[in-house]
Structures are given as C-alpha cells and as structure tokens.
Amino acid sequence: MIQLKEIDKYIESRFQRIFILKGINLTIQQGEFLTLMGPSGAGKSTLLNIIGMLDEDYDGEYFFGEKNIRKMKDKERSNLHKSEFGYIFQAYHLIDELTVYENIETPLLYRNVASSERKSIIADLLDRFNMVAKKDLFPAQLSGGQQQLVGIARAVAGRPSLLLADEPTGNLHSTQAKEIMEVFQELHKEGTTIIQATHARENADYGTRLINLLDGKIESDEQL
Amino acid sequence: MLKNYLKIAWRTLLRQRIFSLINVLGLAIGLACFLLLASYVKFEQSYDSFQEDSDRIFRVSQHVRDFGNSAWAGGAVAPMLRKEFGEQLEEIVSLIQINTYLKSVDGINPEESFREDYFFYAEPGFENIAGLKVLQGSLKGAFDDPFSLVLTRSKAKHYFGDENPVGKVLLATGDIAFEVKAVVEDLPANTHMKFDFLSSVSTFKNLNNFPQNADFGSFWWPQTFTYVKVKEGQNAQAISDRIPEINGNYRDPAETKNYQYYLQPIQSIHLQSGFGGEWTAGVDQKTLWIFLSIGGFVLLLACINFINLATARAIRRMKEIGVRKVNGAKRGQLMAQFLAEAFLTNAFALVLGLILVGLAQPIFTSMLDLSFEVPLFSDSSLIGIVLAVWIISSLLAGVFPAFYLSGLRPDVILKNSQISGGKALLRKSLVVFQFALSSLLVFCAGVAYMQHTFLRTSDMGFDHQGLLTVKLGNAAKAQIEPLKSSLEQQSGVVSVNAISNAPGLEGGWNPSVAFRGVEIEEAFSIYVQYVDESYFENLGVEVIAGREFSLDFQDQGEVTEMMRGQFPKMENLGVVVNESAAAIIAQAGQETLGNAVRIYTDENGNLFSDYNGNIVGVVEDYHTQDLKTTIKPTVFLPVKNAAFDGSNILLIRTGNGFDEAQITQLKNAWNQIIPGIPFDYSFLDERIAQNYAQEARTGNLLGAFAILTLLISCLGLLGLSIFTAETKRKEIGIRKVLGASVQGIISQLSKEFIYPVILALLIAFPLGFYLMSQWLEQFATKVNISIGFFLATGMTSLVFAWLTVTWQSWKAATSNPVKSIKSE
C-alpha cells in the first residue's frame, strides 16, 4: 500500500546537516497495524507526518499504491489526502468552539458529504463509541479519554483506508489508554490500516508489526 | 458550509467576549464618529442647494480694497444690472434688512411687542430666488404694494396662533401697519437666507420719502442684499468679470477701483467666512476639513484596531486551522471561513455604530448648536461609505488569517501550541501611529480650549463686567435725557451712557478720516464712534492726554451748511482719539492735541457728510471689537452734536449684587417715560462671550473627539496587551517559577507598549505645535503654547496607556504559573 524509498529529512544548520530521518526504506501492506517506537527525537512523529502527507519537505520517494506522491499534482494529492487518511493526535486537537457532533462533522463537510448522509454517518459513530448523550457537549466538558474517542470518531468519519495516530494515549491514564487501543484493534479487524507512534510497549501488543526507530534510522522491524 | 462558518464565528465571538467587545465597540465608536462628522460636514455643504436652479443664482458681493469682502451692495447696483445685463439675467432682486418691533393687534398677543431682526423689504422676484412655498394667501402684489407683508409659517403661528392671518394687520415700530398678504413655508435650516418677514421695497421708499418710481442712485444707500438669477446658457463668470468695467460708467473711477462688485454663487456663501455685513454667519471651509479629517482619522484608527486585533486573535486560532487542514480543509475553504467571520463581526460593529449614531446625535447637534438629521438611510454616499468601511475593514481583517495562516503547514502549526507574537514591528508601529494621532488631538483640543478661556477672560482694556446694553429706538432717542437721568437714579445703577457702538463688540463705522498734515495710506482703517460725556471714565478707560467730552465744553460743534439742502456740514467739533490713532498723527510728526480732523463720506464727488473738528483728548487703547481683531485707530465724536443724535444704545453700568428685581425696576422706570416701547436689554459680557461661541464649539468638539480617539487607541492597546499577555503566558509562568517578581514581570510587559507611546508623543508634539501655531494666527490675542501643554498631553496619553497595559500585565503576572505552564 505504501512504499518509502530512501527517505531523508534534515535541517540545514550553519555548518552541517542534522538528519532527523536518514535512509528510511519501508513498505506497509494494506491491513497492517504498525507501531513506531523509539525514544524522544528518534523521528517517529516526523515519519508519521511524512506518511500522512502533512510534511512534504523531504528527500526520497514515496509511493502510495502505484502512484508516486511527489509527482502528483496538488489537487490530486489533496484529494488523496482527503479520501485515504485519518489523523489522531496526542493532544486530541478538537476544535474548542464546536460540539462533539460538529467536530465529527468537520471532515464530512470538507468532503462535501450530503446533509442526510452526514447525519447517518455521525449517528452511527456516536452510537458505536457510546457518545450519543454527549453529542451536544463541547470538548472542554469531556474527559481526556472521551475527547480522544471524539478524535477517533472524527478521524474515521471520512472512512479513510489509513489511520495515523501520533501518541494517541500519551495524555491518558492506563484504563482510558486501554479502551482507546481496543477501539483501534476493532477498527483494524474491520480492515483499516493503522500506523501509530508511541512510547508505550504495551500499546504495540495490539498491533501486527513493530518498528523501532533510533536517531532517524530503522533499528528493528518485527512482525508480532 | 456557510452556516457552519457563521456558527463558529458566532461562538468565537462569544467565547472571547472581552476581545470581541473591544473589537466591535472600537469600530462602532469610530464609525459613529465618522458618520456624525461626515453628515455634519455634508449638512454645512448642503447650504442653499434646495432652491430651484440654485446653480444659476448668485449674490452680488463686493470686494473692498484693504477691507476684504462685503456681502452687501448699494441700492444703485440692481438698477445698473437691470439696465446693462437685462438680457442675460432672469431675476435681479434687492432686499433691505431692518429690525423692528412687531405687535399683532388682532392676534393672540395684542398687547406685547416683539423684536424682529429678520424683517426685509424685498423686490418682486424674490419668491423665485428663495423658492418660496405659499401656504396661505397669495404673493400677488406682495412685493409691489406698499405695506404688504409676507411672513413665515412659524411667525404666523407666533403672532396669530392657528388662525388664518391673511388680511390681518401687524403694527411695526412707529405704528406702521402692515397687512398680511401671504404665509410661506419656513426655509429649511440649510440656507443663509434666514428671514421671518418680507415686505416690499416700495414700503421702504414710502417710509423714506423716496420717489416711488425712481431707482436708488447711491452705491452706499440703502445697503441691500442683491441676488441675480442668470438665464440658462449664460456664462455667469463672464458677466461677473464685466461688472467692474461697467460700474466705471456709473461711478467715480477711483471708487470703482476700491469697490469691485462680482457674482458670488449662493452655494458658496455659507462656506466663505469673513464677509462684512453677512446675512447669517457662515462656516469656514477649513474648519469643515478639520472635522472631516478628524472623522476620517478616528475611523481609520478604529479600522486599524479592528484589523490589528483580528489578526492577533487569529494567531490564537492557529491550532484550529491546523486541525481543519488535517481534516481535509482546502485553503480556499479556510479563507472563506475567516472572511465570513470578519464580515460577521464587522456587521455587528456596523449595527452598533448606527445605534450609537442615533444615541449620540442629540448630544452632537446640541454641541454644534444646530439641528440637522443624520441622513443615514437616505444619503447614498453615506450608505456607500458604510458599506465600503464594512467591506474594506472586513477584507483587511480577514486577509491575514485567510492568506497567511491558511498557508502554513499543519504539522508545524499543531506542534507549536505556543505561538510567538509574530509581526510585532507592524503592530507596534500601528500603536505609535494611533497614539501619535490621539495625542495630537488631545494637544490641539487643549490649546483650543485654553485659547477660548483666554479670550473669555483676558483683559479687554476696559471693565466689561456688570454692563447692560439697551437698544434705543426713535421713541427712546426722543426722550433720551429724561431716560438717562431716571435710570441713573435707580438703585444698583452706577452710570448711564448713550453711545453708538457697544464696546468690545462693534468697531464703529468707516468713513474717510483725515488728520491735518497726515497722509493715510489705508482708506478704511480708521473707525468712528459717537460717545457722550464721562463715557471713558465710566468704562474704565484712562484719558492719557487732554480730556474726554464734557458738558463744560462746547464739543458739539455747529452746522455751517446743508449740502444739497439735505446733508449737514459741521465745524468745530470736539474730537477724542485713541492711542492708535494718535500714533498715526505722531508718526507724521504732527502734534496730536489740537490737530484738525475731517470726517467725510463722498460718492461720485458729492459729499454726503463732512464733519470737522479738533482733537481735545487722547484715550488709551482698548478693544472696541472682539479680541480676535487688533485694536483699530478710532476717532470718537460727541453723540449729541449740532446735527444729530448718533446714539444707538444705552450702556448701563451696574453695581455689585445686581439682580432680576432691579431689571424689573429699570423696565418700569423706562416704561414710565416711554410706555409701550420694550426695554430691550442684554448683558455685555454675555454678548462678548457669544462672540467666542464658535471657538468654544470647536474646542468642545475637538475635546470630545480627542477623548474618543484616545479611548479607541487604548482599546487597541488593551487588545494587544491581552494578546501579548496570552502569548507570553508560558514565558511568564516559567519566569515566575524561576523566581521573577510580580513587579518585574509587569514592568517587562508594560515596557513593550510604553516605549511606542513615548515615540508617538515625540511625533505628535512638533506637529501639534506647528498646527496650533497656525490656527492661533487668526487671533490678535492669543495664548502662549507653553511647556505645560506638552506635559499635560504627555501625561494624559501615558497615564491612559500605562493603566491599560498594566491592568493586563498585572493579571498575567499574578496568575498561577502552574496552570500556564501545563497547557499541553
């Protein structure tokens, strides 16, 4: 599904290049649940951003399916981005001014989904994550775990084929974290490809593949 | 989608209440100020445009050498124009103004007389010049038949109530009966042609024993306002240019050179000040420009604030932008969102601004002493401006978030939840600009206020407190001696003088004046007044040489000849001059006391007055006119001389504790001698203060807008300091954890904004000094712009700015550091 070839990412400083990622070669198959691990500064988030097309400032080749991302037109890339990717963040990144319902609706609005269809999609999601009663609350009125559930609901609302999660449980205590990971596992079973970056080894156990990063290089790559 | 944008815009507004309030309120105030000032300026500029074909109507004004422009023309002008330009001019109309007392014998107040200052004798055709609308009766013959009368609706109501006044009679001073022919609608407020009563010129001829069918032959008498309506297709400028040349055929060539008639468009009359004998006071175009630019600047400041704050606030929403982008928002969609928000916020400001206009309008118009409506919904250019402000400021406020923020990379935005201020230089220069402008206004308002106070309180060279002036009509003049002695005996009265001109207000008249052995260059620079004995003593003006008029001397002269059987020639008058006049004589190396003086008027070689006398005294200079004018050389003649009584007013000096009861006493004493003649009095100091009403208004208005600008600037500063405090919350938290004191943090945060304000002051001061020095040029007596003005202005701006900034800094500095650090 995804093929990365010789990905380099660096910062030009005055006297030398500081590499954040160096020579990353990685192939990810459809249906994988991949975990990126490694200490702070190893390049987990950077790699995730590159895969998620949030960062386009790197050297190397990136194939999504058959297509070379770097050779795509802006519009094509933006459409691909919209249709195939969902994002989940450590800090949830919900829009404070919008209710739970409206937050989940946001990606659908940008995808020009018709109103009635939006309603049914959101109703399904709310039901699935047990948030029907909370649909009119604002993010500030929710616990961290609940906010992250909204974050996930929002990420999957557009039915992406690939879900990217950057430290999704970093701000949560263990019970909540467990709950979130179980949701991930379920999504994975339904066929969604998931890539997560995390510090917590126990989260990796929910996945199918574990990659350890160190100083911008792949240290180990194992199937679980 | 739009619904979603508006929803989030509304929630953002509510969520950041103070911020939104500052933002919306600032723009609303700015807009309201601008609308008020702009509609005021428009009102002033709309004068005399309501008459039909007003662009073809002109007044014949004259330019007098060494004297400036005069609004009046002589009686001979209209006949001359009729003869020479009859083909090109549609209407040629003269009006003669008088003041009189009117009594309605068969009206609602049959006993009482009222003073009327706007009574005119008009020639036929005036109805077409002024666009009169007849409500009752008919104008047929109204301007032809003697003793006919046309009055305005409001005066008809005053004298006759709701009854139809047509056919009824009004009695003027001297029991002259006028028959009401028609009632016309009052002219709108925006005309210089203010009139209450119109009679015919034939009435004037009748009363002055002037042959009915003859034309006036003098360019001096009677003084008229003369209007012409140019026929369609005729070039008014060409006609105007030819008048002086043609005038030369009717008048002594030397005089023609000194008095140049020209056509003045009526729409320009109100906007040109400084015309001698003007019908109603105009307004200086410069003042209007000042007001309009103040309005423009206030609006500009408010817009800058709006943009500045909206931009600052947008930075706080970078996270939202990032999230939206990650969720598939296109740049265009984000732009649309931010622009929609800006337009919505701005719409609130507009509505609030319009409400403010409605609320402030009565205050504003009463400050200006005017009554006009702000034509908010009827004036297309005002609507246009409001819409333009809405669109432009919304676009500018939305552009930064829409174009700059929407283009940022989402991973960068999302990572940096703590945003650096960004564009601080731009924002600080806007603060400098705002405070420079508001300090400038504060400074100007301060100087204008002090100048007004200075004019009101400074020494006029005579004691102008406790003086009462009483108008003298013919009936009172006939009984002047008994009146004087009776009034003098009333308690509280110190002295009574009969004189021609009120001191401190009226300079006198300007005939030709010649001193023996002295060449005078400027023909009209010497004024002549008539005063009686002990006048200067009672006024508190010192006699520095010789003596003033006294009953012990024969100052009244004798009539030696009646020129052309009509005009007296006098010899041997006693003459008193002021220091300035004495200086002219001394400069020519002549002795002042005893010098011969000749006062005369002539036209086309014919003398109309010729008074000769010798100087018997010199008095010190005092302000015969207001303090805006320099003291003019003045010659004083005895009020009661061999030929006539020159008195127009009684000047009564009152003692301490003069009150209403004593006025009643004076009235009674007056009416005992001349029953039925009103005791028409006023306090001189009040009339003098009236002279400076325009300055007072300008000062008040400047002051009010200076405060508003300062307020808007402070609102902007407040918004920015809130913003700075927020973006620096984490920094402040860390500093506090590391041991920074509250004072240290306050001063660090405050400094950031106080320096720009100081810089603004350094820009405002020289500019303000220059501008106000220019403004003060017009006054003969002017206040010194001292260091105090600079200090006061500086303190005001700094204190306001400091309070604004410190409030926020204090809040930031005293907040709990644990909360601010732990934001992620």
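Results, tabulated for the structure shown:
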read-out: Any hit, segment B:124-138, residues being in contact with a strand residue (DSSP E or B) (Cβ under 7 Å, 6 or more places away or on another chain) and within 25 Å of B:PRO678 (Cβ to Cβ); value: no
read-out: Strands (runs of 3 or more DSSP E) wholly inside segment A:146-224 containing at least 2 residues that are without any contact (Cβ under 8 Å) to a residue 60 or more places away in the chain and closer than 12 Å to A:MET37 by Cβ; value: A:217-223
read-out: Helices (runs of 4 or more DSSP H) enclosed by segment B:64-166 - at least 1 residues per element that are free of Cβ contacts under 8 Å to residues at least 12 places away in the same chain; value: B:77-85, B:153-160
read-out: Residue that is farther than 30 Å from B:THR256 by Cα and within 14 Å of chain A (Cβ to nearest Cβ), where the choices are B:SER113, B:SER20, B:SER104; value: B:SER20
read-out: Residue within segment B:554-574 that is open to solvent by less than 10 Å² (accessible area, probe 1.4 Å) and closer than 16 Å to B:PRO511 by Cβ present; value: yes
read-out: Check on B:LYS736, in a helix (DSSP H, G or I), at pLDDT below 85 and open to solvent by 80 Å² or more (accessible area, probe 1.4 Å); value: no
read-out: Segment B:799-824, subset open to solvent by 50 Å² or more (accessible area, probe 1.4 Å) and under 30 Å from B:LEU767 (Cβ atoms), residue modelled with the lowest pLDDT; value: B:TRP807
read-out: Hits in segment B:197-217 (condition: under 17 Å from B:ILE92 (Cα atoms) and either assigned to a loop (DSSP other than H, G, I, E, B) or among the aliphatic types (A, V, I, L, M) (or both)); value: B:LEU198, B:VAL201, B:ASN213, B:ALA214, B:ASP215, B:PHE216, B:GLY217
read-out: Residue within segment A:64-84 that is of a type in the set (Gly, Ala, Ser), closer than 19 Å to B:LEU334 by Cα and under 18 Å from the mean Cα position of the chain (by Cα) present; value: yes
read-out: Residues (farther than 20 Å from A:LYS82 by Cβ and within 14 Å of chain B (Cβ to nearest Cβ)) located in segment A:101-118; value: A:TYR101
read-out: Count of segment B:556-592 residues which are in contact with a Ser or Thr (Cβ under 8 Å, 6 or more places away or on another chain), among the β-branched types (Val, Ile, Thr) and within 17 Å of B:ASP532 (Cα to Cα); value: 1
read-out: Residue within segment B:245-262 that is closer than 20 Å to B:LEU149 by Cα and among the hydroxyl-bearing types (Ser, Thr, Tyr) present; value: no
read-out: Residues located in segment A:143-191, provided they are within 22 Å of A:LEU108 (Cα to Cα) and of a type in the set (S, T, N, Q); value: A:GLN146, A:GLN147, A:GLN148, A:SER161
read-out: Qualifying positions in segment B:541-585 - of a type in the set (Ser, Thr, Tyr) and touching a residue at least 40 places away in the same chain (Cβ under 8 Å); value: B:SER580
read-out: Any hit, segment B:775-793, residues being part of a helix (DSSP H, G or I), in contact with a Gly (Cβ under 9 Å, 6 or more places away or on another chain), open to solvent by 80 Å² or more (accessible area, probe 1.4 Å) and not aromatic (Phe, Trp, Tyr); value: no
read-out: Any hit, segment B:298-318, residues being open to solvent by 30 Å² or more (accessible area, probe 1.4 Å) and either touching a strand residue (DSSP E or B) at 6+ places or on another chain (Cβ under 7 Å) or hydroxyl-bearing (Ser, Thr, Tyr) (or both); value: no
read-out: From B:GLY617, B:GLY589, residue being open to solvent by 20 Å² or more (accessible area, probe 1.4 Å), small (Gly, Ala, Ser) and either at pLDDT below 90 or in a strand (DSSP E or B) (or both); value: B:GLY589
read-out: Residue check for B:GLU232: open to solvent by 30 Å² or more (accessible area, probe 1.4 Å) and touching a Ser or Thr at 6+ places or on another chain (Cβ under 9 Å); value: no
read-out: Answer from B:GLY296, B:GLY282, B:GLY328 - the residue that is more than 14 Å from chain A (Cβ to nearest Cβ), more than 27 Å from B:LEU710 (Cβ to Cβ) and either among the small types (Gly, Ala, Ser) or without any contact (Cβ under 8 Å) to a residue 60 or more places away in the chain (or both); value: B:GLY282
read-out: Leading residue by the ranking (farthest from A:ALA157 (Cα to Cα)) among those in segment A:192-224 that are more than 16 Å from the chain's Cα centre (by Cα) and among the basic types (Lys, Arg); value: A:LYS217
read-out: Counted residues, segment A:120-140 - those being within 14 Å of another protein chain (Cβ to nearest Cβ) and either in a loop (DSSP other than H, G, I, E, B) or out of contact with any helix residue (DSSP H, G or I) (no Cβ under 8 Å at 6 or more places or on another chain) (or both); value: 4
read-out: Segment B:184-194: number of residues that are open to solvent by less than 10 Å² (accessible area, probe 1.4 Å) and either without any contact (Cβ under 8 Å) to a residue 24 or more places away in the chain or within 13 Å of B:VAL150 (Cβ to Cβ) (or both); value: 1
read-out: All positions within segment B:428-449 that are of a type in the set (Val, Ile, Thr) and within 17 Å of B:GLY719 (Cα to Cα); value: B:VAL431, B:VAL432
read-out: Check on B:LYS628, closer than 29 Å to B:ASN258 by Cβ and open to solvent by 10 Å² or more (accessible area, probe 1.4 Å); value: yes
read-out: Test: A:ARG159 is buried (at least 16 other Cβ atoms within 10 Å of the Cβ), modelled with pLDDT under 90 and within 14 Å of chain B (Cβ to nearest Cβ); value: no
read-out: Matching entry among A:ALA91, A:ALA42 (being at the interface with chain B (Cβ under 9 Å from one of its Cβ atoms) and at pLDDT below 90); value: A:ALA91
read-out: Every residue from segment B:490-516 that is open to solvent by 50 Å² or more (accessible area, probe 1.4 Å) and in contact with a helix residue (DSSP H, G or I) (Cβ under 8 Å, 6 or more places away or on another chain); value: B:SER491, B:VAL494
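The values are calculated or read from the model by the stated rules, or taken from the named source; none is laboratory data. Just so you know, these numbers come straight off a predicted model, no measurement behind them. Glycine gets a Cβ as well: all are built from the backbone with ideal geometry, and neighbour counts include every protein chain shown. Surface areas here come from the heavy atoms of the whole protein model, side chains and all, with no ligands, DNA or RNA. Shrake-Rupley method; radii C 1.70, N 1.55, O 1.52, S 1.80 Å.
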